[in-house]
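Notes follow the structure.
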Amino acid sequence: MSQEKSFLKGLFFGGLVGAVVALLYAPKSGKEMRREIKRKSREIYEDAEEQLSDVKEKAEEIMEEGKRQAEHLRRQAEKKMQEARAAASDLMASGRELISDYAGKPGEKIAEAKAQAQNIIEEGKKKFGSGKDKLKSAMDAGVGAFREEVDGDMKAN
(Lines give C-alpha, C1' and ligand atoms only; values in the text may rest on other atoms or scores of the structure.)
Protein backbone atom coordinates (compact mmCIF):
# COMPACT_ATOMS: atom_id res chain seq x y z
CA MET A 1 0.00 0.00 0.00
CA SER A 2 2.85 2.43 0.79
CA GLN A 3 4.40 1.74 -2.61
CA GLU A 4 1.12 2.71 -4.22
CA LYS A 5 0.97 5.91 -2.17
CA SER A 6 4.53 6.75 -3.19
CA PHE A 7 3.68 6.04 -6.80
CA LEU A 8 0.57 8.20 -6.65
CA LYS A 9 2.48 11.05 -5.01
CA GLY A 10 5.20 10.78 -7.65
CA LEU A 11 2.60 10.69 -10.39
CA PHE A 12 0.84 13.74 -8.98
CA PHE A 13 3.95 15.86 -8.46
CA GLY A 14 5.56 14.74 -11.70
CA GLY A 15 2.42 15.64 -13.63
CA LEU A 16 2.18 18.98 -11.85
CA VAL A 17 5.82 19.86 -12.55
CA GLY A 18 5.45 18.76 -16.18
CA ALA A 19 2.33 20.86 -16.62
CA VAL A 20 3.95 23.93 -15.06
CA VAL A 21 7.06 23.61 -17.22
CA ALA A 22 4.97 23.14 -20.37
CA LEU A 23 2.88 26.19 -19.55
CA LEU A 24 5.89 28.34 -18.74
CA TYR A 25 7.35 27.70 -22.17
CA ALA A 26 4.05 28.28 -23.97
CA PRO A 27 3.61 31.74 -25.50
CA LYS A 28 0.72 33.07 -23.36
CA SER A 29 0.08 36.11 -21.24
CA GLY A 30 0.64 35.90 -17.47
CA LYS A 31 -3.08 35.93 -16.72
CA GLU A 32 -3.81 33.15 -19.22
CA MET A 33 -0.87 31.14 -17.96
CA ARG A 34 -1.99 31.37 -14.33
CA ARG A 35 -5.48 30.30 -15.34
CA GLU A 36 -4.04 27.37 -17.34
CA ILE A 37 -1.76 26.32 -14.46
CA LYS A 38 -4.70 26.41 -12.06
CA ARG A 39 -6.88 24.35 -14.41
CA LYS A 40 -4.18 21.74 -15.07
CA SER A 41 -3.30 21.38 -11.40
CA ARG A 42 -7.00 20.88 -10.58
CA GLU A 43 -7.26 18.18 -13.27
CA ILE A 44 -4.18 16.38 -11.97
CA TYR A 45 -5.42 16.58 -8.38
CA GLU A 46 -8.83 15.18 -9.34
CA ASP A 47 -7.21 12.32 -11.28
CA ALA A 48 -5.00 11.49 -8.31
CA GLU A 49 -8.00 11.53 -5.95
CA GLU A 50 -9.90 9.20 -8.25
CA GLN A 51 -6.98 6.75 -8.45
CA LEU A 52 -6.54 6.84 -4.68
CA SER A 53 -10.24 6.13 -4.23
CA ASP A 54 -9.97 3.15 -6.60
CA VAL A 55 -6.98 1.77 -4.70
CA LYS A 56 -8.78 2.13 -1.35
CA GLU A 57 -11.87 0.39 -2.72
CA LYS A 58 -9.79 -2.49 -4.08
CA ALA A 59 -7.93 -2.84 -0.76
CA GLU A 60 -11.25 -3.01 1.10
CA GLU A 61 -12.48 -5.72 -1.28
CA ILE A 62 -9.31 -7.74 -0.73
CA MET A 63 -9.64 -7.40 3.05
CA GLU A 64 -13.27 -8.54 2.96
CA GLU A 65 -12.40 -11.55 0.81
CA GLY A 66 -9.58 -12.42 3.23
CA LYS A 67 -11.99 -12.22 6.16
CA ARG A 68 -14.50 -14.47 4.37
CA GLN A 69 -11.82 -17.05 3.57
CA ALA A 70 -10.45 -16.95 7.12
CA GLU A 71 -13.93 -17.51 8.55
CA HIS A 72 -14.50 -20.43 6.16
CA LEU A 73 -11.20 -22.01 7.22
CA ARG A 74 -12.04 -21.46 10.89
CA ARG A 75 -15.35 -23.29 10.46
CA GLN A 76 -13.59 -26.18 8.69
CA ALA A 77 -11.00 -26.41 11.46
CA GLU A 78 -13.72 -26.39 14.11
CA LYS A 79 -15.58 -29.20 12.32
CA LYS A 80 -12.40 -31.30 12.06
CA MET A 81 -11.67 -30.77 15.76
CA GLN A 82 -15.19 -31.94 16.65
CA GLU A 83 -14.69 -35.03 14.50
CA ALA A 84 -11.34 -35.73 16.16
CA ARG A 85 -12.86 -35.32 19.64
CA ALA A 86 -15.69 -37.70 18.74
CA ALA A 87 -13.21 -40.27 17.41
CA ALA A 88 -11.09 -39.95 20.56
CA SER A 89 -14.18 -40.37 22.72
CA ASP A 90 -15.16 -43.52 20.78
CA LEU A 91 -11.66 -44.92 21.21
CA MET A 92 -11.70 -44.23 24.92
CA ALA A 93 -15.07 -45.99 25.24
CA SER A 94 -13.69 -48.99 23.33
CA GLY A 95 -10.67 -49.07 25.63
CA ARG A 96 -12.83 -48.95 28.74
CA GLU A 97 -15.00 -51.74 27.35
CA LEU A 98 -11.92 -53.91 26.74
CA ILE A 99 -10.64 -53.27 30.23
CA SER A 100 -13.95 -54.20 31.80
CA ASP A 101 -14.22 -57.34 29.60
CA TYR A 102 -10.78 -58.61 30.61
CA ALA A 103 -10.54 -57.40 34.18
CA GLY A 104 -9.57 -60.21 36.53
CA LYS A 105 -8.94 -62.77 33.74
CA PRO A 106 -5.77 -64.82 33.25
CA GLY A 107 -2.55 -63.50 31.62
CA GLU A 108 -3.36 -64.77 28.12
CA LYS A 109 -6.50 -62.64 28.02
CA ILE A 110 -4.47 -59.64 29.14
CA ALA A 111 -2.07 -60.10 26.20
CA GLU A 112 -5.03 -60.33 23.85
CA ALA A 113 -6.53 -57.19 25.35
CA LYS A 114 -3.20 -55.36 25.00
CA ALA A 115 -3.05 -56.27 21.31
CA GLN A 116 -6.62 -55.07 20.76
CA ALA A 117 -5.95 -51.87 22.66
CA GLN A 118 -2.81 -51.27 20.59
CA ASN A 119 -4.85 -51.76 17.40
CA ILE A 120 -7.43 -49.26 18.62
CA ILE A 121 -4.71 -46.74 19.46
CA GLU A 122 -3.11 -47.12 16.02
CA GLU A 123 -6.51 -46.68 14.37
CA GLY A 124 -7.07 -43.51 16.39
CA LYS A 125 -3.68 -42.13 15.40
CA LYS A 126 -4.46 -42.75 11.73
CA LYS A 127 -7.84 -41.02 11.98
CA PHE A 128 -6.43 -38.06 13.85
CA GLY A 129 -3.40 -37.76 11.53
CA SER A 130 -5.66 -37.84 8.47
CA GLY A 131 -7.85 -35.07 9.85
CA LYS A 132 -4.82 -33.02 10.82
CA ASP A 133 -3.36 -33.35 7.30
CA LYS A 134 -6.66 -32.34 5.70
CA LEU A 135 -6.92 -29.31 7.96
CA LYS A 136 -3.35 -28.24 7.18
CA SER A 137 -4.02 -28.64 3.44
CA ALA A 138 -7.19 -26.56 3.70
CA MET A 139 -5.36 -23.80 5.60
CA ASP A 140 -2.47 -23.79 3.10
CA ALA A 141 -4.91 -23.62 0.18
CA GLY A 142 -6.78 -20.70 1.75
CA VAL A 143 -3.60 -18.76 2.44
CA GLY A 144 -2.31 -19.46 -1.08
CA ALA A 145 -5.57 -18.31 -2.67
CA PHE A 146 -5.53 -15.11 -0.62
CA ARG A 147 -1.92 -14.37 -1.60
CA GLU A 148 -2.67 -15.00 -5.28
CA GLU A 149 -5.65 -12.64 -5.07
CA VAL A 150 -3.58 -9.91 -3.44
CA ASP A 151 -0.65 -10.36 -5.85
CA GLY A 152 -2.95 -10.39 -8.87
CA ASP A 153 -4.73 -7.23 -7.71
CA MET A 154 -1.47 -5.43 -7.01
CA LYS A 155 -0.12 -6.31 -10.47
CA ALA A 156 -3.34 -5.15 -12.10
CA ASN A 157 -3.00 -1.71 -10.52
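The values are calculated or read from the model by the stated rules, or taken from the named source; none is laboratory data. Please read all numbers here as calculations on a predicted model, not as lab measurements. As a convention, Cβ positions derive from the backbone with ideal geometry for all residues, glycine included, and neighbour counts pool all protein chains shown. The area values use the complete protein model at the heavy-atom level, side chains included, leaving out ligands, DNA and RNA. Shrake-Rupley method; radii C 1.70, N 1.55, O 1.52, S 1.80 Å.
Overview of results
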| item | result |
| --- | --- |
| Single residue of ALA48, ALA86 found to be assigned to a helix (DSSP H, G or I), over 18 Å from the mean Cα position of the chain (by Cα) and exposed (fewer than 15 other Cβ atoms within 10 Å of the Cβ) | ALA86 |
| Answer from GLU43, GLU60, GLU65 - the residue that is of a type in the set (Asp, Glu), open to solvent by 90 Å² or more (accessible area, probe 1.4 Å) and assigned to a helix (DSSP H, G or I) | GLU60 |
